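Student: Once you've had a glance at the structure underneath, I'll fire off some questions.
The values are calculated or read from the model by the stated rules, or taken from the named source; none is laboratory data. This is a predicted model, so every value here is computed, not measured. Using ideal geometry, Cβ is built from the backbone for each residue, glycine included, and neighbour counts are taken over all protein chains shown.
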Amino acid sequence: MDFVLEPVLSPCYARPKLVERALKGRYQVAMNILGPQGREHDLLIVILPDNNGSLYGDVKRICETNLGLVGGRNIVLVDALARRIPLVSDITTIIFGADVTHPHLGEDSSPSIAAVVASQDWHEVTKYAGLVSAQAHRQELIHDLFKVWQDPERGTVSGGRIRELLISFSRATGQKPKRIIFYMDGVSEGQFYQVLLYELDAIRKACAPLESDYHPPVTFVMVQKRPHTRLFANNHNDNRAVDKSGNILPGTVVDSKICHPTEFDFYLCSHAGIQGTSRPAHYHVLWDENNFTADGLQTLTNNLCYTRESIKEVLKVVQARMREIKHGDSNCTGTALLVGIPNVGKSAIVSAMHQIGRIAAAEKGKLKHAIVSSHLGETRDIRLLFPSKYLFLDFVSMVKGNEYR
């Protein structure tokens, strides 16, 4: 990567109490220079006097919520940079992930939550855009993957989540995907093919209006992230066959003996077990127009498991948003939208809306303990959750009965 040695603006200094005014001022001056050139900020460096106090959080809050300086990536696979990821690096590929999570038993009036994400960069496949919405109670099919409606001015209009994400991908990369890989979770085995037919049809309909004769090949994979199957090494005393916790090695794949005799399915234990016995995910390849080999698709899925981020990054975002909401008001509370992540990792699939949790902030807007719960009266410290289990997607706050984003 080439760097311009001279910055757009020379360094400046500001006292901690004036950091917000300094950041906004420098941002405006920089945009006055870059804007006419059709350019945006590439890099902003802020050097703090120490790592104590709330100054770091204030800088994050100002940059993310006031200036819109968000994005970027923290993790990229070496194979992605070298364009060696199987099934992705050779032609333009978009990876979708989808899931529907249902309310607990007994909650007859609560809606189900559907989430769909899609990669927005190629070759790296580390940036994802997501769409989340509520739908009918206990409905497995994602209702608005493709939809058609009548507009008074434009007539018949088509849209939906898949179309939106395909257009977003095209704008981000400058080209339409030539291959689609679709992972989905949250569906019982008895409904696999019902969901496949519905969603494959939605993908076809979403692609058709984008360009004449546009029919990218689709691979559709169902994921079961909580199977009852457990995998163990043949020789538990062989240090080359187990990790330090005694579990099978991460990256272990089983695609014979215990799998279906005629269908394309496999078990993958992509990560090392932290506590207890490792639990593999069970993948069912229901549709494959790309004619992937078993080794190729298994390697791709395992690679995607290692592009996730730590829950510490999630907590930083929560802290910044809570400070913004709590500023000047000690009576408001926030509601966080948390999405469960299956064994394949954040960048492969955002699977299920796992909890809509209540977040309580400490006094004076300093979020020292972020806690979540799916029901009133139940709380859990977000920092104690398994690192790849949750992804902070959206934030809604309640201030004296008025909801705002």
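Student: Test each condition in (1) buried (at least 17 other Cβ atoms within 10 Å of the Cβ); (2) part of a loop (DSSP other than H, G, I, E, B) for ASP90 and report the one that comes out false.
Tutor: Tallying (1) buried (at least 17 other Cβ atoms within 10 Å of the Cβ); (2) part of a loop (DSSP other than H, G, I, E, B), ASP90 fails exactly one: (1).
Conditions tested, residue by residue: (1) farther than 18 Å from VAL187 by Cβ; (2) touching a residue at least 40 places away in the same chain (Cβ under 8 Å); (3) of a type in the set (Asp, Glu).
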position	(1), (2), (3)
GLU107	yes, no, yes
PRO111	no, no, no
GLN120	yes, yes, no
LYS127	yes, yes, no
GLN139	no, no, no
SER158	yes, yes, no
ILE162	no, yes, no
PHE169	yes, yes, no
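Student: When region 28-60 is examined, which residues are found to be part of a loop (DSSP other than H, G, I, E, B), among the hydrophobic types (A, V, I, L, M, F, W, C) and either at pLDDT 80 or above or more than 26 Å from the chain's Cα centre (by Cα) (or both)?
Tutor: Applying the first criterion (part of a loop (DSSP other than H, G, I, E, B)) to region 28-60 yields 38-54.
Narrowing the set further to residues that are among the hydrophobic types (A, V, I, L, M, F, W, C) leaves 43-48.
Of everything in region 28-60, those that are part of a loop (DSSP other than H, G, I, E, B), among the hydrophobic types (A, V, I, L, M, F, W, C) and either at pLDDT 80 or above or more than 26 Å from the chain's Cα centre (by Cα) (or both) turn out to be LEU44, ILE45, VAL46, ILE47, LEU48.
Student: Looking at region 76-131 only, could you name the residues that are touching a Leu at 6+ places or on another chain (Cβ under 6 Å) and at pLDDT 85 or above?
Tutor: Correct list: VAL116, ALA118.
Here's the yes/no breakdown for (1) in contact with a Pro (Cβ under 6 Å, 6 or more places away or on another chain); (2) of a type in the set (Ser, Thr, Tyr); (3) modelled with pLDDT of 95 or more:
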{"position": "TYR214", "(1), (2), (3)": "no, yes, no"}
{"position": "ASN247", "(1), (2), (3)": "no, no, no"}
{"position": "PRO250", "(1), (2), (3)": "no, no, no"}
{"position": "CYS259", "(1), (2), (3)": "no, no, no"}
{"position": "PHE266", "(1), (2), (3)": "no, no, yes"}
{"position": "ARG279", "(1), (2), (3)": "no, no, no"}
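Student: Which condition number does ASP238 fail, the rest of (1) in contact with a strand residue (DSSP E or B) (Cβ under 7 Å, 6 or more places away or on another chain); (2) assigned to a loop (DSSP other than H, G, I, E, B); (3) not small (Gly, Ala, Ser) being met?
Tutor: (1)
Student: Now for a separate question. Pull up region 163-207, narrow it to residues that are crowded, with 16+ Cβ neighbours inside 10 Å and of a type in the set (Asp, Glu), then point me to the one that is nearest to ASP121 (Cα to Cα).
Tutor: Only one residue tops the list, namely GLU164.
Student: Just name the residue that is nearest to LEU48 (Cα to Cα) out of those in region 10-23 that are in a helix (DSSP H, G or I) and in contact with a helix residue (DSSP H, G or I) (Cβ under 7 Å, 6 or more places away or on another chain). Give the steps one after another, and end with the answer.
Tutor: Here is the first cut: in region 10-23, the ones in a helix (DSSP H, G or I) are 16-23.
Add one more test, that the residue is in contact with a helix residue (DSSP H, G or I) (Cβ under 7 Å, 6 or more places away or on another chain), and what stays is 16, 19-20, 23.
Details: PRO16: 9, VAL19: 10, GLU20: 14, LEU23: 13 Å.
My answer is PRO16.
Student: If you check every pair at least six apart or on different chains, which have Cβ atoms under 9 Å apart with a residue in region 268-288 that is touching a residue at least 60 places away in the same chain (Cβ under 8 Å) first and a residue that is small (Gly, Ala, Ser) and surrounded by fewer than 20 Cβ atoms within 10 Å (Cβ to Cβ) second?
Tutor: Pairs found: LEU268/GLY251; CYS269/GLY251; SER270/GLY251; HIS271/GLY251; ILE274/SER245; ARG279/GLY273; VAL285/ALA294.
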